[in-house]
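What follows is a short report on a single structure.
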Amino acid sequence: MQPPLMADKAFLILKSLLINGNLKAGQFISISDLVTIIKLPLAPVREAVKHAESLGFLTVLPKKGLVVMQASPTLIKECFHLRSIFDQEGARDLIENSRVTITHLINLKKKHLQILKSAQKGINAKLQNEAMEVDWEMHSLLGSSINNGVAQQSYEHNKDCLWIIQRSRPPLPDRIIPAMTEHLEIIDALISGNADKSTKLIRKHFQQTLRWWGFI
């Protein structure tokens, strides 16, 4: 297996900086500072920036630097709406084609119950991060259940955008318990094999997410 090209390596580092919140939505950074952070030569970093711009992760300001994509109300709503659409289709595929074992779903349910139990005792930064990881584990499970390669690519791109957006506003403590409860309802519907109920609950979860972001 050949080692990745330097430009590919630079892009992976840049993407990691964005998704992990080291570079936040709306943040400006110069190319020279980015080169220092990535610790690779200028040329591959420039290529990485071009690639990231083509994906909508950032905007290049000629002779100035770059700005990480703005978490605008329109972008936030559209990204969460798209995830909801994919999740609903994924839920149907998961149930109708038995893409995931009941044991897998039960284990996922246990993780949610553990987060819920911990949150009821008290919430700290560590639990907030764990809750976000478990939250995405369910959504990724639904997205990966879609038997369509093009849709999978679109789902992953939208997921990256949402990670960048969510790093600009981590889930507040008062959202964790409701979100885990909503997820548990969805998981129970998946376990029971009720596709209509699953999609209905996913739409409800989407509406509650928009409400938390202040759009409803």
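Working from Cα pairs under 8 Å separated by at least six residues, relative contact order for region 73-212 is 43 percent. Between helix 173-192 and the chain there is an angle of about 60 degrees, using the helix long axis and the longest principal axis of the Cα atoms.
A Förster radius of 45 Å, combined with the Cβ-Cβ distance separating Lys63 from Leu127, puts the computed FRET efficiency at roughly 0.55.
Could you tell me the distance between the Cα centroids of region 7-24 and region 80-156, to the nearest Å? Each part's Cα centre sits 23 Å from the other's.
For region 65-82, backbone phi angles converted through the Karplus equation (6.51, -1.76, 1.60; θ = phi - 60°) give residue-by-residue couplings of x, 8, 10, 5, 3, 7, 7, 6, x, 5, 5, 4, 4, 5, 5, 5, 5, 4 Hz, Gly and Pro being listed as x. Taken one residue at a time, the phi angles of region 125-134 give Karplus couplings (6.51, -1.76, 1.60, θ = phi - 60°) of 4, 4, 5, 4, 5, 5, 5, 5, 5, 5 Hz. Gly and Pro are set to x. Close amide H partners of Met69, meaning residues 5 or more places away or on another chain with modelled amide H under 5 Å apart, are Gly26, Leu58, Thr59.
Using 0.36 nm times the number of residues separating Glu156 and Leu172, minus their current alpha carbon distance, what extension gain do you get?
Numbers: separation 16, 0.36 × 16 = 5.76 nm, distance 2.44 nm.
Difference between extended and current length: 3.3 nm.
All of the numbers you see were taken from the coordinates with simple rules; none came from a lab. Computed from a prediction, not measured in an experiment: that's the story for all the values here. As a convention, Cβ positions derive from the backbone with ideal geometry for all residues, glycine included, and neighbour counts pool all protein chains shown.
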